[in-house]
Amino acid sequence: MTLTRERWQHILIRPETSVLDAIRVIDKGALRLALVTDADHRLQGVVTDGDVRRALLKRIDMKEPVMNIMNATPTFARKEDSRERILALMNLKTIEHMPILDEKGAVVGLETMHNLAAPMPRDNWVTLMAGGLGSRLSPLTDMVPKPLLKVGSKPILEVILESFIAHGFRRFFLSVNYRKEMIKEYFGDGAAWGVEIDYLEENGRLGTAGSLSLLPERPEKPFFVMNGDLLTRINFQHVLDFHLEHHSRATLCVRKVEQTVPYGVVRLDNHRLLTIEEKPVQEYFVNAGIYLLDPEVLTLIPHGQYFDMPTLFQRVIKQGEVTAAFPFLDYWMDIGRRSDFRQACRDYPEVFAA
């Protein structure tokens, strides 16, 4: 999002403006630069605080026109350029500001690296499934729900939440059951993270999709559903783009897994030996527990009943709707066993805390 006109219009100066007055504009504008334009706001050059420092070192008279010290060939973008293209160009040129011009070369905006690097706010909801018992992690989960087990310095669920926040998501629902009060007390309404959190309270086990029937209203856009015991570095924006590109009603994220068979695998034709393959590596995709659903699929979920996500996908397929699988290779850890939890704790400093 470009700076508001009220901010960038105050750093517009004319070529004949004195260097001293340009310094005052730069200082007052707090953006560390001024845009030099003609009477029709067409960009003539850019002068930064660095240009001013170099002018001072050269003992240039402060009454000289700023056109004598400005960069007369600045990098700029067009108003139709995408956010991604502008950001890539700024990274390439290692600059912090980018004037935005219209087809006539007039300034119509100013992008900053700070604004572009910040995540774009998204209206898509996120539902995190945090109601499981975590019995396979006992005794660690005897008194604490699995989503609150800490990897590094943070609970698993907080790491997940912050991963979504880093991609611009702001509206969350936490599906809770086992020791739900502990989760609600820790996360509250989400204000501590600058987001909004509500809770879907399960009175019994509802499976990986059943609690979606407890949503207070139907979302307007595709929404994420993710198990609350996963650690991943998947790019949620890429998933959303993939979902929309393929016109999918329901998208399942799948993780490529390689597994070495610890034996020599033998192929036979009846009693005849064909081959012996020593410790072959098998590759396959597994359900990663991350889903992106169109709002319409909520009508297929029975209210308040146990209902799993694979069953929901089967119903979507049966109706002839488009489903898709999004394969990814990013870090992913399903914390189902104590060995998984120990591995996640070892991985956290390198994968998430770097």
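Just so it is clear, none of the values below were taken in a lab; they were calculated from the coordinates. Please read all numbers here as calculations on a predicted model, not as lab measurements. Every residue, glycine as well, gets a Cβ built from its backbone with ideal geometry; the counts of neighbours run over all protein chains shown.
Summary of computed values
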{"item": "Antiparallel content of DSSP bridges confined to the stretch 5-117, in %, to 5", "result": "75 percent"}
{"item": "The chain: angle of helix 83-93 to the longest principal axis, Cα-based, in degrees nearest 10", "result": "60 degrees"}
{"item": "Net charge contributed by nearby residues that have their C-beta within less than 12 Å of Lys184 (K/R +1, D/E -1)", "result": "-3"}
{"item": "Computed helical MRE - 222 nm, the chain, DSSP H runs ≥ 4 contributing -39500 (n - 2.57), nearest 500", "result": "-7500 deg cm²/dmol"}
{"item": "Distance between modelled label sites at Arg233 and His10, nm, 7 Å Cα→Cβ extension", "result": "4.1 nm"}
{"item": "Descending semi-axes in whole angstrom, ellipsoid equivalent of the chain, from the Cα gyration tensor", "result": "52, 25, 22"}
{"item": "Scattering curve values for the stretch 205-285, log₁₀ I(q)/I(0), Debye with Cα scatterers, q = 0.14, 0.17, 0.20, 0.26 Å⁻¹", "result": "-0.73, -0.87, -1.05, -1.36"}
{"item": "Net charge, Phe224 excluded, C-beta distance under 11 Å - Lys, Arg +1, Asp, Glu -1", "result": "+3"}
{"item": "Violating pairs (Cα-Cα greater than 19 angstrom) within the set Lys146/Lys184; Lys146/Lys256; Lys256/Lys318; Lys79/Lys104; Lys146/Lys180; Lys221/Lys256", "result": "Lys146/Lys256; Lys256/Lys318; Lys221/Lys256"}
{"item": "Cα point-scatterer Debye curve for the stretch 264-332, base-10 log of I(q)/I(0) at q = 0.11, 0.24, 0.27 Å⁻¹", "result": "-0.53, -1.15, -1.31"}
{"item": "Trypsin sites (Lys or Arg not before Pro) restricted to the stretch 101-198 and DSSP loop, no more than 12 other C-beta within 10 Å", "result": "Lys104"}
{"item": "Where the Cα pairs of the stretch 134-180 fall when distances are cut into 5 Å bins, in %", "result": "5, 20, 24, 24, 16, 7, 4, 0"}
{"item": "Net length gained if the chain between Asp269 and Val254 were fully extended (0.36 nm per residue, minus Cα distance)", "result": "2.0 nm"}
{"item": "Label-point gap, in nm, between Tyr306 and Leu89 - each point 7 angstrom along Cα→Cβ", "result": "5.8 nm"}
{"item": "³J(HN,Hα) computed for each position of the stretch 193-208 - Karplus, 6.51 cos²θ - 1.76 cosθ + 1.60, integer Hz, glycine/proline x", "result": "10, x, 10, 10, 10, 10, 10, 9, 8, 7, 8, x, 6, 10, x, 7"}
{"item": "In Hz, Karplus ³J(HN,Hα) per residue of the stretch 260-277 (6.51, -1.76, 1.60; θ = phi - 60°; x = Gly, Pro)", "result": "8, 6, x, 9, x, 8, 10, 10, 10, 10, 6, 9, 8, 7, 9, 8, 10, 10"}
{"item": "Helix 19-29 vs. the chain, principal-axis angle (Cα, 0 to 90°, nearest 10)", "result": "30 degrees"}
{"item": "With eigenvalues of the C-alpha gyration tensor scaled by 5 and rooted, the stretch 5-117, Å", "result": "24, 15, 12"}
{"item": "Cβ-based exposure ranking for Phe242, Phe341, in which fewest neighbours within 10 Å come first", "result": "Phe242, Phe341"}
{"item": "Percent antiparallel among DSSP beta bridges (both partners in the chain, rounded to 5)", "result": "60 percent"}
{"item": "Cut-off under 5 Å, modelled amide H: who pairs with Val36 long-range", "result": "Ile13, Gln44, Gly45, Val46, Val47"}
{"item": "Nearest-ten-degree value, helix 236-245 long axis tilted from longest Cα axis of the chain", "result": "80 degrees"}
{"item": "Exposure proxy order (Cβ contacts within 10 Å, fewest to most) of Thr260, Thr17, Thr311, Thr127", "result": "Thr260, Thr311, Thr17, Thr127"}
{"item": "Unit Cα scatterers, Debye sum, the stretch 96-219: log10 I(q)/I(0) for q = 0.15 Å⁻¹", "result": "-0.74"}
{"item": "Estimated distance in nm for a label pair at Glu162 and Met143, the labels positioned 7 Å out from Cα along Cα-to-Cβ", "result": "2.5 nm"}
{"item": "Descending Cα extents along the principal axes, the stretch 91-134, whole Å", "result": "62, 23, 13"}
{"item": "Charge dipole of the chain about the Cα centre (unit charges at C-beta), most positive-ward option of Leu57, Ile23, Gly134", "result": "Leu57"}
